[in-house]
Amino acid sequence: MIKPTLREQKIFPFADVPEHTSFEAGYLVSVNSGWRSIRPVVNTAACIGCMQCYLYCPDGVIAIQDGKAVIDYDFCKGCGICSKICKPSAIQMESER
Amino acid sequence: MAEKFLSGDEAFAEGIRLACPEVISAYPITPQTIVVEKLSEMVEDGSLDAEFIHVESEHSALSCAMGASAAGVRAFTATSSQGLLYMAECLYYASGGRFPIVMMNANRSTALPWNIYGDQRDSLSQLDSGWIQAYAENAQESLDLALMSYYIAEHKNVSTPFMVNLDGFILTHTYEQVDVPTPEQAKAFLPAYQTENKLDLDNPKNMAFSAGPDTNYIFKYKEHAAMFRAIPVIKEAEEKFAEIFGRTYSGLLDAYRTEDAEYILITLGSIAGLCREIADTLREKSLKAGVLRIRYMRPFPAEEIVKAVSPAKAIAVLEKDISFGNEGTVFTNICSALQGGNITAPAYNFIGGLGGRNISHQDIISIFEKIQSGTAKRVNFIGIGEGENT
Amino acid sequence: MSVSAKTLDKNEYFYGHKACAGCGGSLAVRNALKVLGKNAVAVLPAGCMSAVGFNFPQLCFANNAIISTFAGTASMLTGIEAGFRRRGIKDFTAVGFAGDGGTADIGIQALSGAIDRNDNIIYICYDNEAYMNTGIQKSGLTPFGAKTTTTPAGQNIHGNIRPKKNMFEIVAAHDIPYAATATVGYMNDFLNKVEKASKIQGTKYIHVIAPCPTGWGIPVSDTIDAAREIVDCGLWYLAEYENHTFKINHDPKNFTSVEAYLRKQARFKHLTDEDIAVITDSRDKKWEFIRKNWN
């Protein structure tokens, strides 16, 4: 699967800073999980795999695996669009502790 | 090779045809227009296989050239004066992105008042934009720089855009006998453009990104260092050029009778020929005159200037430029070099030729006389009377 | 076959970006790239999406992508398209994603030039109706009545007093091969328009409404609702321009309430009943024109 991914090297000292403003596509060094005050939780029993949450997620953090929505909490910002769009109400927003 | 009778603009277009850019994006402006007309004719008659893109502004001309360069192909644009200023944002963008685009700039006065004639205020106002800046003296050098500019800009150690400046009308529109190399010679001289600094489907890139305080400074330092790396590459290009075309160039500076000169006039562009002629005349009258023509304003030849002026008792800097509220920008640059090189001979600035005003034979004689007698002021405006010149 | 969630490319090309939660613009970019696939070469000018997606070393596009100057989205696309073609590459799409200010204000000249040349590019305007990246200032696409930081709603200014520029009809007036309007609220319609654009030679323009919860003053979870309601109440419409002809894709029999749409958004909170009547009246006039003149 093609997707930007988290990498190990986060700090770029002088020698590692590229000569040009050009670098490997999809290179991530930080996650977005800290942005959330609430998190979407999928009730897999209620999820019908309709893909609407996947389709409307601005961050692309929802995948459908084995017919059920699965959320990448590293990059979910907790906007709650998935929960609102879900017809069978299979995604509930819960408080982050 | 073929001898042709060409204007500076036409000679430059011939050089660009030989350099075979893949994408040309340009917008017409006097006195650059002939270049884009000629290149269009060459594309039309099939002698130049390039995409000629009719952009709707100079900003788009350079933005489009950057797109082409980011796609990994050789790009060309040309402009002048207001056009250069209109694309100014893109100048910094192209150098920061390290896109080795070549641009011809027809040096022309900047409004207001409106004026289409030649002075160098347009390009000199962009010295800090990160472009290599060369100033041609004649049509032959214009053609030769069109070819050499790509060699230097695209060199892997440099990867920096290159602006070749031709004095408006005096050079762009004046006809001279020009030796036009063959495409085979040009091909032997100029290698195909190869770079890692490009968008690539097999190896996708994110380009022209933001960089925060931690790394931004490092990118800028590397850009600065690359400009200095152009110096040995200019030498390399000129040696290879001499081998193939039999014409020699002297790097960042063109020194004339400076070895033993007591009075040295430093200038740039097409006025240098007249200055050399005057130097010869004055030498006959036992004034040891010399002329130093700056070929490259960036990278700036500070060390080379210090070396060349070391025998001088006094130095004059003649330029078609003024930085309002200060002095000529070329003079400022030179004074900085002189100070760094512990040159104690006095230096004087002569401003002339603004808006295309003529600089005469007598004006140049008088520059030498004034610096010899020590009657020059630090900044002198040629042709403006004493009463007016306060 | 039409594009839908099921057929959409599973790869994620725009991921890990720092857009605000619930950002409509990032959803438009994400899904358009899923339609265009890995050989999309994206140009984004200064603006929200470049600011949130390209901070070295956090680079959020998996495909080739580059930031252009603010005014230079279309002209850089032109150069990239020409350059790739010169390299003999055939299977790629040069696509631009510019905001409303980058399109209707500072970038309109370069866009007009590209359409005039009929360069083979797709230009997508994600319209969040103000300069959101700099903190919600009025753009040429800010609608009548909206409060922004440069059109305060007070005794004198009363929010933005000018209607939204009609970019769709401006580009159509160039006789562009394909133009369309869309909203992130009706995703299948948007995806299919992107897909259609990708198969047409010449310049393509898609104008997609992309609500900005931060600038519009709505909850971050309500982006899609707002993006649907703007169409349902008739203040935006789903249309296409093709073969020299305008076509309306969706003609609602009954509009939902304009007032209900506006009252949900903090940017319209100050509007009086008279203001809302003006907006409703201009909607009705537009639809009268559309129904009379478009297919």
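Need the failing condition index for A:Gln9 against (1) surrounded by fewer than 16 Cβ atoms within 10 Å (Cβ to Cβ); (2) in contact (Cβ under 8 Å) with a residue 24 or more places away in the chain; (3) within 8 Å of another protein chain (Cβ to nearest Cβ), just the number.
(2)
Picking from B:Tyr150, B:Tyr175, which residue would you name as being over 17 Å from B:Ile271 (Cα atoms), assigned by TED's automatic domain parsing to the domain that holds B:Val36 and over 13 Å from the mean Cα position of the chain (by Cα)?
When all the criteria are applied, what remains is B:Tyr150.
Working only within the range C:59-103, note down all residues that are surrounded by fewer than 24 Cβ atoms within 10 Å (Cβ to Cβ) and facing chain B (nearest Cβ under 9 Å).
C:Phe70, C:Arg85, C:Arg86, C:Arg87, C:Ile89, C:Asp91, C:Phe92
Just name the residue that is surrounded by the most Cβ atoms within 10 Å (Cβ to Cβ) out of those in the range A:30-48 that are within 12 Å of another protein chain (Cβ to nearest Cβ) and outside any strand (DSSP E or B).
The residue in question is A:Asn32.
Among B:Ile53, B:Ile24, B:Ile29, which is free of Cβ contacts under 8 Å to residues at least 40 places away in the same chain and either within 23 Å of the chain's Cα centre (by Cα) or buried (at least 24 other Cβ atoms within 10 Å of the Cβ) (or both)?
So the residue among B:Ile53, B:Ile24, B:Ile29 that is free of Cβ contacts under 8 Å to residues at least 40 places away in the same chain and either within 23 Å of the chain's Cα centre (by Cα) or buried (at least 24 other Cβ atoms within 10 Å of the Cβ) (or both) is B:Ile53.
Within the range C:45-58, which residues are buried (at least 24 other Cβ atoms within 10 Å of the Cβ) and more than 7 Å from chain B (Cβ to nearest Cβ)?
C:Pro45, C:Gly47, C:Cys48, C:Met49, C:Ser50, C:Gly53, C:Pro57, listed by residue number.
Kindly list, by first and then second residue, each pair from a residue in the range B:4-17 that is of a type in the set (Val, Ile, Thr) to a residue that is assigned to a helix (DSSP H, G or I) and crowded, with 24+ Cβ neighbours inside 10 Å, limited to pairs with Cβ atoms under 8 Å and residues at least 6 apart or on different chains.
Partner pairs satisfying both residue conditions: B:Ile16/B:Val35; B:Ile16/B:Ala146.
The rows are residues; the columns are (1) surrounded by 14 or more Cβ atoms within 10 Å (Cβ to Cβ); (2) over 16 Å from the mean Cα position of the chain (by Cα); (3) at pLDDT below 95.
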site	(1), (2), (3)
A:Phe14	no, yes, no
A:Ser22	yes, yes, no
A:Leu28	yes, no, no
A:Cys50	yes, yes, no
A:Leu55	yes, no, no
A:Asp72	yes, no, no
A:Pro88	no, yes, no
A:Ser95	no, yes, no
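If only one of B:Ile271, B:Ile231, B:Ile278, B:Ile218 is more than 14 Å from chain A (Cβ to nearest Cβ), farther than 30 Å from B:Ser360 by Cα and part of a helix (DSSP H, G or I), which one is it?
Matching residue, one of B:Ile271, B:Ile231, B:Ile278, B:Ile218: B:Ile231.
Are there any helices (runs of 4 or more DSSP H) wholly within the range B:29-116 with 3 or more residues that are more than 9 Å from chain C (Cβ to nearest Cβ) and over 27 Å from C:Ala46 (Cβ atoms), and if so which?
So the answer is B:33-44.
Tell me which residues, restricted to the range C:1-24, are surrounded by 23 or more Cβ atoms within 10 Å (Cβ to Cβ) and either more than 20 Å from A:Leu28 (Cα to Cα) or more than 9 Å from chain A (Cβ to nearest Cβ) (or both).
If the condition is that a residue be surrounded by 23 or more Cβ atoms within 10 Å (Cβ to Cβ) and either more than 20 Å from A:Leu28 (Cα to Cα) or more than 9 Å from chain A (Cβ to nearest Cβ) (or both), then C:Gly22, C:Gly24 are the ones that fit.
What number of residues within the range B:91-107 are in contact with a Gly (Cβ under 7 Å, 6 or more places away or on another chain) and within 27 Å of B:Gly355 (Cβ to Cβ)?
Within the range B:91-107, residues that are in contact with a Gly (Cβ under 7 Å, 6 or more places away or on another chain) and within 27 Å of B:Gly355 (Cβ to Cβ) number 3.
Just checking, which of B:Ala255, B:Ala226, B:Ala211 is within 14 Å of another protein chain (Cβ to nearest Cβ), among the hydrophobic types (A, V, I, L, M, F, W, C), in contact (Cβ under 8 Å) with a residue 40 or more places away in the chain and buried (at least 17 other Cβ atoms within 10 Å of the Cβ)?
B:Ala226
In this structure, does C:Ile136 turn out to be farther than 30 Å from C:Ala82 by Cα, touching a Ser or Thr at 6+ places or on another chain (Cβ under 8 Å) and surrounded by fewer than 21 Cβ atoms within 10 Å (Cβ to Cβ)?
Against the criterion (farther than 30 Å from C:Ala82 by Cα, touching a Ser or Thr at 6+ places or on another chain (Cβ under 8 Å) and surrounded by fewer than 21 Cβ atoms within 10 Å (Cβ to Cβ)), C:Ile136 does not qualify.
Take the range B:94-125 and flag every residue that is within 15 Å of B:Phe162 (Cβ to Cβ) and in contact with a Phe, Trp or Tyr (Cβ under 6 Å, 6 or more places away or on another chain).
Those that are within 15 Å of B:Phe162 (Cβ to Cβ) and in contact with a Phe, Trp or Tyr (Cβ under 6 Å, 6 or more places away or on another chain): B:Ser95, B:Val102, B:Met104.
Taking the residues in the range C:166-220 that are of a type outside the set (A, V, I, L, M, F, W, C), crowded, with 24+ Cβ neighbours inside 10 Å and more than 14 Å from chain A (Cβ to nearest Cβ) as candidates, determine which candidate is nearest to the chain's Cα centre (by Cα).
Residue satisfying both the conditions and the ranking: C:His207.
Which of (1) without any contact (Cβ under 8 Å) to a residue 24 or more places away in the chain; (2) within 14 Å of chain A (Cβ to nearest Cβ) is the odd one out, the single condition B:Thr195 does not satisfy?
Looking at each condition in turn, B:Thr195 falls short on (1).
Of the conditions (1) free of Cβ contacts under 8 Å to residues at least 60 places away in the same chain; (2) in contact with a Lys or Arg (Cβ under 6 Å, 6 or more places away or on another chain), C:Ala74 clears all except one; give me its number.
It is condition (2) that C:Ala74 fails.
The values are calculated or read from the model by the stated rules, or taken from the named source; none is laboratory data. This structure is a prediction, so every number in the text was calculated from the model and none was measured. Ideal geometry is used to build each Cβ from the backbone, glycine not excepted, and the neighbour counts take in all protein chains shown.
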